[in-house]
Structures are given as structure tokens and as C-alpha cells.
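Asks: Structure in C-alpha cells, see below.
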Amino acid sequence: MKRLITRGKWKRHLAERTRSQAQARARFADYRRRRNAALARPAHPKKFHKTSRIEAPREFSLIQNPNEMIRFFKEIEGLAETRNVFVDMAGVSALTPDAIAGLLAAIHHGARTSAHFSGNVPKDGRLSDILNRSGFREYVTNREGAQFRSSFGKVRKHSGSRETMQTNFNQVVANDLVEFAVQAITGTPGPHGPSYSILGEAMLNTLNHASRGKDPEPWWASVFFDAERRRSCFTFIDQGVGIFKSHRLTLSLKLLEGLSILDNAQILERLFHGDIPSTTKIPGRGNGIPFMYNHHKANRIKNFTVLANNAIGGAETESYRMLRESFNGTILYWEIGE
Amino acid sequence: MTTQSLELNVAAEFTRTPGPRKRSEGEYSGEEFLSLLLRPRFIAALEAGVSLRVNLDCAAGYPTSFLEEAFGGLAREFGSEKVAANIELSCDDEPYLVEDIKKFIREAKTTR
């Protein structure tokens, strides 16, 4: 009988068959993964029928009223696990832009469930004007297609402010926010190096240190022009682990902290002043917050404030204090202008 | 006419919007600036026996990490004294940057 398959051909055939079978197995495994993931997702997200009303703190300001605001944000996120949320802001009597960014971040965090968010504005016309110009209501109505549900990486423009939510370092967005802030003050868009630098460092910190898991935490950055004071107010919020859970303290500091000789507020003060060494042991690291503080000291920015975990520090008054409530993340706030 | 220095204009030759420290963190990083422009130009200046004049104007701003990685990185490679002696910095937009960068060069090998 004629030998149809020579030894070499047979070997090649076997190798080819093994390869194609492996490829088929990989294709099927990929298909199974996708199918299972699709099956695990409900076709229609469960809608909540109950709605809870939550009253906003009268002094709606993270930097001036941090304890009540943090408790309020936690309550929003807790309620959103099981029901829709109506944010009642009618009784608000003081409002600062950092809190608007904070509320947007809390709502976004809560909206990871299928909770429906709605709300009203302060009765005080001046405050409701601030809120409306900030674009806040466009975010919280939560109707189909509302941008906040899919706003990763997008920049929102408003008549009075600009907000953005991102998950990575994005200098284009930083520049956009800074130019918006400068334009609001001077009439023409322009650079402001210190603000650009702070935004960049804040994004990098979030990218490198703030993450709870493998994925980077989203961050929120907003600029609001306070026409009365002729100042542009920046807020940067990440809902990661916060400075004190991400910043690996040296042994000596850990010891001082453990013995209650130093609390987080005192550590924050040392961080501002550049007295906390970098524990990465890599030369040139640990300059972020000290350089931000230097910008404040040199009057290049104003009212520089950091809220992280259970401590808040303000460079304007050199006040550093512990909070009753702990914020999961870090908030940077500063102003530019007159 | 002889040239006393080589020029490097960050905004014109690299980017108006400097980025993070490392390439892995985003575009236009300090690491990229160091490897693509700063180091080659510094070596060229050394070979020509002139100083390197770095112009930092017309940029949106400079994240601290970007500057440290670029100029601190150069000093870690060539030594702080050599870099300080052969580099001139100019920035009319943000004059304080010159002092900041000199600090990064001086403390390039220092762990804070």
C-alpha cells in the first residue's frame, strides 16, 4: 500500500491539529467568560420603589463644617444601597463650592446601585443661584441619559463652573479647568502654573496611592467662580483610601501615632511643612503636599485646605484638627484670584 | 559668532502641558522628557563645552513630579554638581520654578 503520509508530514499535521484545538479551546473559554458575565448582569437593573428624604446640613460646606457634611455623605451612600434618595437642600443657609463637588462625588458613589437621585435647591435665592450655576441639578436628576451616569472621562461645562470626573492622569483636563478658572477672573483663558501643578499631583496621588483595589479610584475636580469675591475655587476629591491609609508612615512616626503622642492632625501639619519623610525610600519623592503648601505661603494660591480621613488642615489659618467623622478619601481645596 | 549655550525650549520642543513622573502614568512624562530631550541635549552641551539653557516659559504649568523626575533624574545620572554647573534655567512666567528645580538638582540623591 502506498504510504500517503510521510513521517514529517504526519508530525506537522499533529502539531497543526494541537495548535488549532488549543485555539478553539481558548475561543470557547473566552465565549464562556463573556456569556457568564452577561448572565450575571440583570437585563434590567432593579429599580427601587422607596424614596428617602435626606436633609442637607444648614452650613453646606466641607471645609467649614466637615463633620456634618461627611456624615451627610455617608448617609446618602448608605440610603442609596436600598432606596431612592431625595436631597432636601431647602434649609441650607450657607454653601461653598467644595461641598457641591463633594455632593456630586457622593451621589456618583451612591449611583453605583440603581438608586434614583432627586432634590431641591436652597430657599435662599443667592444660594440656589450658586447651586444652579454649578450644574449640580443636571447631575442629580438621574433621568435616563443624564450625563453623570456615564461621565467617566467627560468634561462638563456650565455657565458658572466646570466639573470633571476621571480615572487617570489627564493634563488636558487639568489645563482646561485652569483656563476656565483664569478666564472667569480675567476675561481671557490663561495658565496658572500652581493650580495646574496641584491638579497634576493630586491626580497622580490618586492614581498611585488612593486605590482600594487594582482599579484606580475615580476623582472629581471642579472649578467654581465666586463672583462676589472674584475668586475661582478649585476642589479635587478622590474617594480612595485617604492620605493616612495610603501614606506609609515611618516606624518612628507610627510609634508616636500608636502611643497617641501624634494624631493625624499633627501628622497632617508635619506633612504640610515637609517634615514627613517619604517612606518609598526613593530619592526625590514626597514633594507633593509640601510644594502645594509652599504655593500658599508664597501667595500663589489662597485658602489651601486638605481634608483626609479624620483630619483637616488649613494653610490660611495654620489650623489642623481632628474630625469626629472620617472621610474615605482626600479633598484638596484652594482658591485663586483677588 | 560663537554660541555659549545650547537651547532647550520645553513648550516648543516637548509639550505645553507637561504630565506625570513616569511614562506608565500618562503622556508627556518627566521620564520621557529626560530620555528624549534633556539627557541628549545635556550630553551634547557637555561635548560642545557649553552650557544647556532650558527655557520653561509658555507651558500650562509643571507638576512637581515631572520636574523632579526630569532634572533630579539628570542629576542622579551625572551628579548634582555637574548638572548645576552646566545648566541654566529661565522661566519668566513662573520665576520660582528656577529655585524649585535647583533644589531638585541639589537634593537629587537625598531621601526625604
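Asks: What is the number of the single condition among (1) closer than 21 Å to A:Gly190 by Cα; (2) in contact with a strand residue (DSSP E or B) (Cβ under 6 Å, 6 or more places away or on another chain); (3) of a type in the set (S, T, N, Q) that B:Asn86 does not meet?
Replies: With respect to (1) closer than 21 Å to A:Gly190 by Cα; (2) in contact with a strand residue (DSSP E or B) (Cβ under 6 Å, 6 or more places away or on another chain); (3) of a type in the set (S, T, N, Q), B:Asn86 is out only on (1).
Asks: Six or more apart or on different chains, Cβ under 8 Å: which pairs go from a residue in region A:65-80 that's over 14 Å from A:Ala99 (Cβ atoms) to one that's of a type in the set (S, T, N, Q)? Could you list them?
Replies: A:Leu79/A:Ser52; A:Ala80/A:Thr113
Asks: Please count how many residues of region B:45-73 are within 11 Å of another protein chain (Cβ to nearest Cβ) and among the small types (Gly, Ala, Ser).
Replies: Final tally of qualifying residues: 7.
Asks: Using the structure shown, decide if A:Ile76 is in a helix (DSSP H, G or I) and either under 30 Å from A:Asn310 (Cα atoms) or in contact with a Cys (Cβ under 8 Å, 6 or more places away or on another chain) (or both).
Replies: Taking the combined requirement at face value, the residue satisfies it.
Asks: Taking the criterion of being more than 24 Å from A:Thr330 (Cβ to Cβ) and of a type outside the set (A, V, I, L, M), would at least one residue in region A:74-83 satisfy it?
Replies: The answer is yes; a qualifying residue exists.
Asks: Could you list, in sequence order, the residues of region B:74-95 that are within 11 Å of chain A (Cβ to nearest Cβ) and either exposed (fewer than 15 other Cβ atoms within 10 Å of the Cβ) or in contact with a Pro (Cβ under 9 Å, 6 or more places away or on another chain) (or both)?
Replies: B:Arg76, B:Asp93, B:Glu94, B:Pro95
Asks: Determine whether region B:34-44 contains at least one residue that is within 13 Å of another protein chain (Cβ to nearest Cβ) and either modelled with pLDDT under 95 or within 12 Å of the chain's Cα centre (by Cα) (or both).
Replies: Yes, because at least one residue in region B:34-44 is within 13 Å of another protein chain (Cβ to nearest Cβ) and either modelled with pLDDT under 95 or within 12 Å of the chain's Cα centre (by Cα) (or both).
Asks: Of the residues B:Tyr96, B:Tyr62, which is more than 13 Å from the chain's Cα centre (by Cα) and aromatic (Phe, Trp, Tyr)?
Replies: Answer to the check: B:Tyr96.
Asks: Another question about this same structure. For residues in region B:2-33 being in contact with a Lys or Arg (Cβ under 8 Å, 6 or more places away or on another chain) and within 14 Å of another protein chain (Cβ to nearest Cβ), which is nearest to A:Asp176 (Cα to Cα)?
Replies: Selected residue: B:Ser29.
Asks: If you go through region B:7-38, how many residues are buried (at least 20 other Cβ atoms within 10 Å of the Cβ) and among the aliphatic types (A, V, I, L, M)?
Replies: Here the count works out to 4.
Asks: Looking at region A:166-203, which of its residues are facing chain B (nearest Cβ under 8 Å) and outside any helix (DSSP H, G or I)?
Replies: Hits for region A:166-203 are A:Asn168, A:Phe169, A:Asn170, A:Pro191, A:His192.
The values are calculated or read from the model by the stated rules, or taken from the named source; none is laboratory data. Keep in mind that what you see is a predicted model, and the values were worked out from it rather than measured. Every residue, glycine among them, receives a Cβ derived from its backbone with ideal geometry; neighbour counts consider all protein chains shown.
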